[in-house]
C-alpha cells in the first residue's frame, strides 16, 4: 500500500499524504491529483492560514476522521503540503487507494 513517491505513505500512527492546494477556487473539493499528490481546491484565500484552516476539515471528511486527526506537517505557506492523518494506517491507505479508484 505504501508506494515510493506516492501521494500517501504508511506511518506507525496513520498515513502521510501530499496535497497540492489551489486557493481561491469557486468551491472546495478534494480529489486525486498526480501519482505524487492529491489535489485540493479551496475557496479560501492563501492568507493568514485561511487555506490551511479550510484544508483540514476537507481532508478529514474525505478520510472519515475527526478534524483533530489531521495535521499539516510541512508546507504551511507552500502550495504543496504534507499532512499526517492519525488512525488505522491500513484502513486509511484503503481510503486513499479508493479515492484514486485503485484496489489497495
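Nothing in this text is a laboratory measurement; each read-out follows from the coordinates by a stated rule. Note that the coordinates shown come from a computational prediction; the quantities given were computed from them, not determined experimentally. Note: ideal-geometry Cβ built from the backbone for every residue, glycine included; neighbour counts use all protein chains shown.
Shown for 90, 37: other C-beta atoms within 10 Å of each C-beta, ranked fewest to most, produce the order 90, 37. For region 15-44 versus region 61-99, the spacing of their alpha-carbon centroids is 12 Å. With both residues required to sit in region 10-104, DSSP beta bridges show an antiparallel share near 80%. The packing ranking of peptides 72-80, 10-18, highest mean first, is 10-18, 72-80, where packing means the average number of other beta carbon atoms within 10 angstrom of each residue.
Extension gain, residue 94-residue 79: 0.36 nm per intervening residue step, less the Cα-Cα distance, totals 2.9 nm. Per-residue ellipticity at 222 nm, computed for the chain from helices alone with -39500 (n - 2.57) per DSSP H run of at least four residues, works out to -7500 deg cm²/dmol.
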